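*Asks:* This is the structure, below, for whatever I ask next.
The values are calculated or read from the model by the stated rules, or taken from the named source; none is laboratory data. If you're wondering where the values come from, they're calculated on a predicted model, not measured in any experiment. Heads up, the Cβs are rebuilt from the backbone with ideal geometry, glycines too, and the neighbour counts pull from every protein chain shown.
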Amino acid sequence: MPDSLDLLTPYVLREQGQWFEKEIGFLGAFLKPGMQAIDIGANYGVYTLTMAGILGPAGTLWAFEPTSTTAACLGDSLTENRFGNVTLVQAALSDRVGTATLGLNPNSELNSLSVTPGAESEEVPVMTLDGCMAEFGWRHMDFIKLDAEGHEDNILRGGQSFLDAFWPLIMFEFKNGAEVNLSLIESFAGLGYSSYRYVPGLGALVPFASGEAPDQFELNLFCCKDDTASRLERDGILVTAAASGKPRFPRRPVTGGNGSLPCRTTPCSMATRRPPTSAPPDRMVMPTWRRSSCSWSLNWPTRRRPPGIARFPGRLP
């Protein structure tokens, strides 16, 4: 990604060391090696690279990013991290096939097919989920991350056959700016997909009603069909309402892919290389960013431990 602290993604990753959305911590509990996933609105690849590392060589990920410069940076990061399990598609998804004008923003997270008059723009290819299902030979799909800056309803209209054939867990952005996109929640409900929100302290998804007032900091929800919800509940990462009206909580603590406790979410990084398994008693394992062109990877050097700081009891993710 561009090496500029004036832009959202590099600023957040430099300042916080991980992406700010809580939902990324759920991926380590849900995704498994060998699964298949789609990232719609991949941007610089915060979710793409995290998912690619979890899915491993046996899994497959399709990342859709329409902006040419942003897709080029993501491609560099995929090469840097040697992720051969990702198919990068430079195209937008909608309810038709062809081309469209993409409005550009200095922060590429806000690029949108809704173009402001006089704003900078770019012509981009447009595809549909149904068309991609045929083109890429999809036979099943486990997970979709959907972030299309208010264009999500059109994507659903272009994926009716896909969403009927496959019953993935879907994470979707339900706020467009300050507006809550209730129509999107209702559109998913019309397709048989119930909505859930992620509770980090519980380490699980809980039901979200369309009339429920969302937390002002809530940006994303999840949805799935009932059969998928039942399977996730058996896995202990989703809660449904019991017949008595009382919540049925997971039977076991939810951990990350490496067995870490729920209170420590897996850091989001532009790489998923594992840190050293041990360090000298007077040193800590700490992540540092390394930039090469506009690609990013994560190093795990050991640094001298300040006096009075106890050693972390276990592997970092």
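*Asks:* Being in contact with a Ser or Thr (Cβ under 6 Å, 6 or more places away or on another chain) and modelled with pLDDT under 90: is that true of GLY256 here?
*Replies:* yes
*Asks:* Of all residues in the stretch 1-60, how many are assigned to a loop (DSSP other than H, G, I, E, B), more than 11 Å from the chain's Cα centre (by Cα) and of a type in the set (Phe, Trp, Tyr)?
*Replies:* The total comes to 2.
*Asks:* Here is a further query. List the number of the failed condition for PHE26; all other conditions in (1) within 17 Å of MET141 (Cα to Cα); (2) surrounded by 17 or more Cβ atoms within 10 Å (Cβ to Cβ) hold.
*Replies:* For PHE26, the exception is condition (1).
*Asks:* Go through the stretch 128-150 and count every residue that is without any contact (Cβ under 8 Å) to a residue 40 or more places away in the chain and part of a strand (DSSP E or B).
*Replies:* Here the count works out to 0.
*Asks:* Under the condition of being among the aromatic types (Phe, Trp, Tyr) and in contact (Cβ under 8 Å) with a residue 40 or more places away in the chain, which residue from the stretch 177-226 is surrounded by the most Cβ atoms within 10 Å (Cβ to Cβ)?
*Replies:* For the stretch 177-226, the residue satisfying everything is PHE222.
*Asks:* Another question, then. If I filter the stretch 74-91 down to residues being out of contact with any helix residue (DSSP H, G or I) (no Cβ under 9 Å at 6 or more places or on another chain) and touching a residue at least 40 places away in the same chain (Cβ under 8 Å), which single residue comes out as farthest from MET133 (Cα to Cα)?
*Replies:* My answer is GLU80.
*Asks:* Any idea how many residues of the stretch 14-29 are out of contact with any Phe, Trp or Tyr (no Cβ under 7 Å at 6 or more places or on another chain), within 30 Å of ASN154 (Cβ to Cβ) and not charged (D, E, K, R)?
*Replies:* Looking only at that region, the number is 4.
*Asks:* Collect the residues in the stretch 170-221 that are under 17 Å from ASP153 (Cα atoms), in contact with a strand residue (DSSP E or B) (Cβ under 9 Å, 6 or more places away or on another chain), hydrophobic (A, V, I, L, M, F, W, C) and not in a loop (DSSP other than H, G, I, E, B), keeping them in residue-number order.
*Replies:* Result: ILE170, MET171, PHE172, LEU184, ILE185, PHE188, ALA189, LEU221.
*Asks:* Mind checking which pairs have a first residue in the stretch 51-63 that is in contact (Cβ under 8 Å) with a residue 40 or more places away in the chain and closer than 13 Å to LEU78 by Cβ and a second that is of a type outside the set (Asp, Glu) and assigned to a helix (DSSP H, G or I), Cβ under 9 Å, 6 or more apart or different chains?
*Replies:* Here the result reads MET51/LEU27; ALA52/LEU78; TRP62/CYS132, each pair linking the stretch 51-63 to a residue that is of a type outside the set (Asp, Glu) and assigned to a helix (DSSP H, G or I).
*Asks:* Let me ask something else about it. So ASP153 ticks every box in (1) without any contact (Cβ under 8 Å) to a residue 40 or more places away in the chain; (2) under 19 Å from ALA37 (Cβ atoms); (3) not small (Gly, Ala, Ser) but one. Which box is left unticked?
*Replies:* Against the list (1) without any contact (Cβ under 8 Å) to a residue 40 or more places away in the chain; (2) under 19 Å from ALA37 (Cβ atoms); (3) not small (Gly, Ala, Ser), ASP153 comes up short only on (2).
*Asks:* Which one is nearest to GLY131 (Cα to Cα) among residues in the stretch 47-69 that are among the β-branched types (Val, Ile, Thr) and surrounded by 24 or more Cβ atoms within 10 Å (Cβ to Cβ)?
*Replies:* Top of the filtered list is THR48.
*Asks:* So, in the stretch 112-130, how many residues would count as being modelled with pLDDT of 90 or more, of a type in the set (A, V, I, L, M, F, W, C) and in contact with a helix residue (DSSP H, G or I) (Cβ under 9 Å, 6 or more places away or on another chain)?
*Replies:* 3
*Asks:* For SER108, work out the one condition from (1) within 17 Å of the chain's Cα centre (by Cα); (2) surrounded by fewer than 18 Cβ atoms within 10 Å (Cβ to Cβ); (3) modelled with pLDDT under 95 it doesn't fulfil.
*Replies:* (2)
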